[in-house]
Amino acid sequence: MDLALITPEISLLATVVIVILLDLFVQQKKILAMVSLAGLAVAFGFSVHLWGGSAQSVFNNMMVMDKFAMFFNLLFCVTAALVVLASSDYILKFDSFQGEYYALILLATTGMMLIAAATDLMTIFAALELISISLYALVGFLKDAKSTESALKYMLLGAIASAILLYGMAFVFGFTGNTQLANIWNTIFNMSLSGVSAAPGLMLGIIFIIVGLGFKIAAFPFQMWVPDVYEGAPTTITAFLSVASKAAGFAIILRIFYTAFNFPTWMSHDWGMIFAILAAIGMTVGNIVAIPQTNIKRMLAYSSIAQAGYLIIGIAVMGFSPALTYLGQSGVLFFLAGYAVTNLGAFIAVIAISDKVGSDRISDYDGMLKTSPMTALALSLCLISLTGIPLTAGFMAKFYIFSSAVQNHLLWLVIIAVLNSVVSAYYYLRVVKVMWLNEPKFEGKVETSFGLKLALGLSCLGILLLGILPNYAMHLATLAAKMFGS
């Protein structure tokens with residue numbers, strides 16, 4: 001019965017084995033991409049099937065298959081599929097290692113699915129390391145000086161973050177005697193208030209967990225790895241890292257802090273305030289440092305730090321909101337869906353344009369609207385959505401998450417967020433201005449494969465659908481968030 005509930009993960013692991021074996025025998029490497037997409041489609045189908053069932057624990061409560069986990073399964077499958085599609089041109093840069101490339105993407109996706117369902121600290125850590133090790137290898141895939149340096153920095157800092165996270169988990173286990181999240185909550189619930197307040201090691205453990213997971217979501221001040229890694233990694237992996245890895249980090253933060261640490265109220269308010277402060281500083285630092293960037297990948301890296309700040313507002317709301325209200329959680333889930341299609345679209349367009357001009361410098365994007373109008377329009381739409389302009393996914397994502405913060409007396413944080421959104425318009429729209437108003441430096445149209453065009457088109461369609469018709473996606477996000485109370 002347990003195996004039937006983890007069919008999405010099993011199907012992806014089977015696909016990994018098939019891709020590696022096929023890579024040994026087939027000459028037409030495009031088959032590997034097709035098999036990878038087929039495996040993701042199967043996992044997506046299993047996740048849709050499991051969505052209709054009730055929440056069920058598996059493997060002695062080490063994991064739970066609920067709508068929350070299935071929501072992230074669907075998000076991870078879509079994200080990985082778009083990255084595989086967008087890799088159809090870029091993959092030629094490491095033609096001899098295509099099997100390994102697709103296998104590592106699928107392994108990282110499997111780890112992300114596992115972490116979204118994990119309800120035990122040990123399961124969480126094991127899944128997190130599966131994700132991290134796969135991404136370390138993918139970041140260094142180009143094997144040039146910059147890519148190798150990025151992978152080394154990412155691995156060393158990631159190892160430190162993992163050690164801090166494990167140290168925090170050890171503190172929590174030491175004070176509660178449990179590793180399962182529900183049992184940790186029960187232990188804290190049954191302790192007297194004086195007993196909880198007299199256990200500073202427990203709060204120290206929670207702080208260490210925030211630090212360790214803060215690295216994974218690129219939250220300030222744990223974001224020092226982001227600019228160099230985003231610039232040096234293959235652009236397809238930068239896209240995957242910026243969206244899927246961040247979503248996995250937020251999935252487990254939501255799971256841990258709502259399931260294990262939402263009582264007593266003063267404790268949840270304490271970590272809620274910590275997240276609120278991190279959100280305010282992260283938004284501000286990310287946006288301000290993004291302004292002078294001349295490399296579009298570094299600009300999007302600092303943008304990612306700012307976007308993490310917006311998302312953390314939802315975590316702060318969860319700390320301050322009453323029990324069995326899901327405004328913060330559902331806002332984060334919707335924001336992650338909107339951010340996924342938006343940021344993936346931006347990076348896919350960057351892949352296409354940078355391949356044409358041979359540079360990631362913003363100044364080399366001059367006049368793209370005249371030479372490649374469709375690609376320039378797609379990138380413009382993505383940047384407008386990241387800014388948060390109406391009729392886009394980015395606007396609705398910010399609207400929901402800011403509304404939840406206002407309803408939970410965090411107006412000061414929303415004011416900071418709105419001001420930061422105005423600041424971000426400068427560097428996002430600067431790229432649009434360069435493409436639309438400047439004279440082109442390079443003649444000729446941007447030529448891309450069908451797979452990349454399809455990935456970019458689907459991303460733009462997602463931006464418009466979530467911006468114009470957000471109710472259905474928000475309904476799914478709310479259903480997924482409510483599984484916390486089931």
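Of the residues 315, 348, 288, which single one is over 13 Å from the mean Cα position of the chain (by Cα) and surrounded by fewer than 24 Cβ atoms within 10 Å (Cβ to Cβ)?
Matching residue, one of 315, 348, 288: 288.
Does residue 210 count as touching a Lys or Arg at 6+ places or on another chain (Cβ under 7 Å), under 21 Å from residue 129 (Cβ atoms) and either aromatic (Phe, Trp, Tyr) or surrounded by 20 or more Cβ atoms within 10 Å (Cβ to Cβ) (or both)?
No, not satisfied.
For (1) among the hydroxyl-bearing types (Ser, Thr, Tyr); (2) within 20 Å of residue 449 (Cβ to Cβ); (3) in a helix (DSSP H, G or I), each residue gets a yes or a no:
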| residue | (1), (2), (3) |
| --- | --- |
| 307 | no, no, yes |
| 315 | no, no, yes |
| 328 | no, no, yes |
| 331 | no, no, yes |
| 337 | no, no, yes |
| 346 | no, yes, yes |
| 349 | no, yes, yes |
| 377 | no, yes, yes |
| 380 | yes, no, yes |
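Would you pick out the residues in region 118-164 that are of a type in the set (Gly, Ala, Ser) and not in a helix (DSSP H, G or I)?
Residues of region 118-164 of a type in the set (Gly, Ala, Ser): 118, 126-127, 132, 134, 137, 140, 145, 147, 150-151, 158-159, 161-163.
Hits for region 118-164 are 118, 140.
When residues of region 430-474 are filtered for being on the phi > 0 side of the Ramachandran plot and either among the charged types (D, E, K, R) or in a helix (DSSP H, G or I) (or both), how many remain?
Residues that pass the stated criteria total 0.
Restricting attention to helices (runs of 4 or more DSSP H) lying wholly within region 196-297, give those where 1 or more residues are more than 24 Å from residue 160 (Cα to Cα) and modelled with pLDDT of 90 or more. Outline the logic, then answer.
Numbers: elements: 200-216, 226-232, 235-240, 246-259, 265-290.
In region 196-297, the matching helices (runs of 4 or more DSSP H) lie at 265-290.
For region 59-80, does any single residue satisfy the condition of being more than 19 Å from residue 481 (Cα to Cα) and of a type in the set (Asp, Glu)?
No, region 59-80 contains no residue that is more than 19 Å from residue 481 (Cα to Cα) and of a type in the set (Asp, Glu).
Would you pick out the residues in region 443-459 that are out of contact with any Asp or Glu (no Cβ under 7 Å at 6 or more places or on another chain), under 17 Å from residue 369 (Cβ atoms) and buried (at least 18 other Cβ atoms within 10 Å of the Cβ)?
Residues satisfying the conditions are 446, 456.
Hey, could you check region 475-486 for residues that are part of a helix (DSSP H, G or I) and over 19 Å from the mean Cα position of the chain (by Cα) and say which is farthest from residue 86 (Cα to Cα)? Let's see the steps before the verdict.
So in region 475-486, the residues part of a helix (DSSP H, G or I) come out as 475-485.
Still in the list and also over 19 Å from the mean Cα position of the chain (by Cα): 475, 479, 482-485.
On the way: 475: 29, 479: 31, 482: 34, 483: 33, 484: 35, 485: 38 Å.
Ranking the candidates gives 485 first.
Confirm whether residue 404 is of a type in the set (Gly, Ala, Ser) and without any contact (Cβ under 8 Å) to a residue 60 or more places away in the chain.
Considered against the rule, which asks whether it is of a type in the set (Gly, Ala, Ser) and without any contact (Cβ under 8 Å) to a residue 60 or more places away in the chain, residue 404 comes out as no.
The values are calculated or read from the model by the stated rules, or taken from the named source; none is laboratory data. Everything numeric here is computed off the predicted structure, so don't read it as measured data. With ideal geometry, Cβ positions are generated from the backbone for all residues, glycine too; neighbour counts draw on all protein chains shown.
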